[in-house]
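A short reminder: the numbers here are calculations on the coordinates, not readings from a lab. The structure presented is a predicted model; accordingly, all values stated were derived computationally and were not measured. Cβ sites come from the backbone with ideal geometry, for glycine too, and all protein chains shown count toward neighbours.
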2 protein chains.
Amino acid sequence: MKPFVLVVEDEEALATLLDYNLDKEGFRVERAADGEEGLLKVEEETPDLILLDWMLPKVSGVEVCRQLRARPETRRTPILMLTARGEESDKVRGLDTGADDYVVKPFAMSELTARIRALLRRTRPELVDERLEYADIILDRGSRRVTRSGRNVHLGPTEFRLLDFLMQRPGRVFSRERLMDAVWGPNTYVELRTVDVHVGRLRKALRDGGHEDPIRTVRSAGYSLDQQA
Amino acid sequence: MKPFVLVVEDEEALATLLDYNLDKEGFRVERAADGEEGLLKVEEETPDLILLDWMLPKVSGVEVCRQLRARPETRRTPILMLTARGEESDKVRGLDTGADDYVVKPFAMSELTARIRALLRRTRPELVDERLEYADIILDRGSRRVTRSGRNVHLGPTEFRLLDFLMQRPGRVFSRERLMDAVWGPNTYVELRTVDVHVGRLRKALRDGGHEDPIRTVRSAGYSLDQQA
DNA sequence: TCCGAGCGTCACATAAGTGTCATGCACCAC
DNA sequence: GTGGTGCATGACACTTATGTGACGCTCGGA
């Protein structure tokens, strides 16, 4: 379950950038171009976190904030304000607009995602915590442990990283090259077929105890964590 | 199938970096080291997008831009300018050089690819979109799955590419030669009739479950994805 | 130093997909 | 109708891609 982030930002370029980067960081992103649209989107589906520009057409960020806080279902939803330099009045700094945190533009994407994670950890730790889930498979990064249906699954370091990576985007097919890059590192000189072998080992470990194979082979394309069908 | 990006950049190191990253992002990349070479490469094969350095030996980026805009086949090809800080004159900012967008060096690779995707989406959405739809048929590139009316359709790699290509322009008739080029690659020596066979297989797979044949045979012309009429 | 866990390769078995062909039907022009 | 060309399709021999057990190597800990 990816954290669902709503980006309310009128600058098209920045919004695209945010969209792209957050998606890459494993968030599901929805965009709104102004405050009004933002409030509508929130009604459709309550986000796990809202990225809110301070200056917005139609309904300002501050006002959106106020309204969100007035609704019971978003009262506790973390809000991260985006402000331009100079807009950081004491009001923003003190966060008494109702926002939980803010960043000043221009900001490094890494700072933003760090703050997002920090906020999410506070409110919905299961979303960003060192833990990934797919079906009955649970991968805990902190303890470096994997269980399936409660039973412990023993994996070597490589298989662990491989599963971690696959679990970040279940259903998506990754080529051997991509997996090589992600799991072994971008400058490794290893046979591509080695990926097969490790996928095989991972499969074997996950099948242990009579479970179904959760990895799908897509001929001439790669592998994905996914139902066979 | 993959979007074709031409990188016109004289700095070897940056060009290599771009090449590597864009390739990883699923683009097919061709490089040119100066404006002159760039213009030649464009003649060989029209790119889907051009990454153009502002400062180039022999023919400057601006000039290349101008010439590209003068040619009918590249008039609408998106151009993304790479400029060094300080070169961002008002001219660049206003994009009245004919470029569609620009990034200032040094830039984050993620920003660049986001902008590239944004431009391609504007001009050729079928190249970057993750999923293609035609009637009740859905082709998802990310998970490499095809469904019809919700039911999974199993396709071999060739049939998958074939359907992908047909779905990019439903209703349009493609000759066997064209399909051969697009699906098998431009330098394949295979009987043209082989196309028939694969179309047949694709049809069979898509008809599975009592569905209608979505492919139309145009006698002595080729095939197209659309209603029989 | 010895040992076992992991890793990367290989070789071989198996499965899946591919290209051709032969055959028969469909369609079009007379 | 009729002849001829184009197309659909099942069979099949052949390639290629993938699954897997075995093996030798490395490395860290006992």
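For the reader, a short list of remarks on this structure follows.
- Summarising the strand pairing of the protein assembly as shown, around 45 percent of its internal DSSP beta bridges are antiparallel.
- For chain A, the mean residue ellipticity at 222 nm estimated from helices alone is -11000 deg cm²/dmol, where every DSSP H run of n ≥ 4 contributes -39500 (n - 2.57) and the total is divided by all residues, rounded to the nearest 500.
- Its Cα gyration tensor gives region A:131-225 an equivalent ellipsoid, and the semi-axes of that ellipsoid, as √(5λ) in whole Å with the largest first, are 21, 14, 12.
- Among A:77, A:188, A:16, the largest mean-square fluctuation in a Gaussian network model of chain A, built with springs joining Cα atoms closer than 10 Å, belongs to A:188.
- A full extension of the chain between residue A:194 and residue A:211 corresponds to an added length of 3.7 nm, given 0.36 nm per residue minus the alpha carbon distance.
- Highest GNM mean-square fluctuation among A:20, A:102, A:189, for chain A modelled with Cα contacts below 10 Å: A:189.
- Of the residues B:193, B:145, B:69, the one that moves most in a GNM of chain B with alpha-carbon contacts below 10 Å is B:193.
- Each residue of chain B gets 140 Å³ once the volume of the Cα convex hull is shared out per residue.
- Put a plus charge on the Cβ of each Lys and Arg, a minus charge on the Cβ of each Asp and Glu, and nothing anywhere else: the dipole of the protein assembly as shown about its Cα centre is then about 1660 debye.
- Anisotropy class of region B:4-126 from Cα gyration tensor, a/c 1.5 cut: rounded
- Relative exposure of B:2, A:41, judged by other C-beta atoms within 10 Å (fewest first): B:2, A:41
- Arranged from fewest to most other beta-carbon atoms within 10 Å of their beta carbon, B:107, A:165 become B:107, A:165.
- Which listed pairs, of B:2/B:204; A:204/B:24; A:24/A:105; A:41/B:204; B:41/B:204; A:24/B:105, have C-alpha distances above 31 Å, in listed order: A:41/B:204; B:41/B:204
- By the count of neighbouring beta-carbon atoms within 10 Å, fewest first, B:166, A:120 end up ordered A:120, B:166.
- J(HN,Hα) series, region B:52-59, from Karplus relation 6.51 cos²θ - 1.76 cosθ + 1.60, nearest Hz, glycine and proline x: 10, 6, 5, 9, 9, x, 6, 10
- Under the convention that each Lys and Arg Cβ holds +1 and each Asp and Glu Cβ holds -1, the size of the dipole of chain B around its Cα centre is about 1140 debye.
- Per residue of A:203-211, other chain Cβ atoms within 10 Å of the residue Cβ number 0 on average.
- Percent RCO, i.e. relative contact order, over region B:94-229, from Cα pairs under 8 Å lying at least 6 residues apart: 18
- Inter-chain Cβ neighbour average for residues B:141-149, partner chain, 10 Å: 4
- Size of electric dipole in region A:108-229: Cβ of Lys, Arg +1 and of Asp, Glu -1, about Cα centre, debye, nearest 20: 140
- Three-way shape call for the protein assembly as shown based on the alpha-carbon gyration tensor, with the a/c threshold at 1.5: oblate
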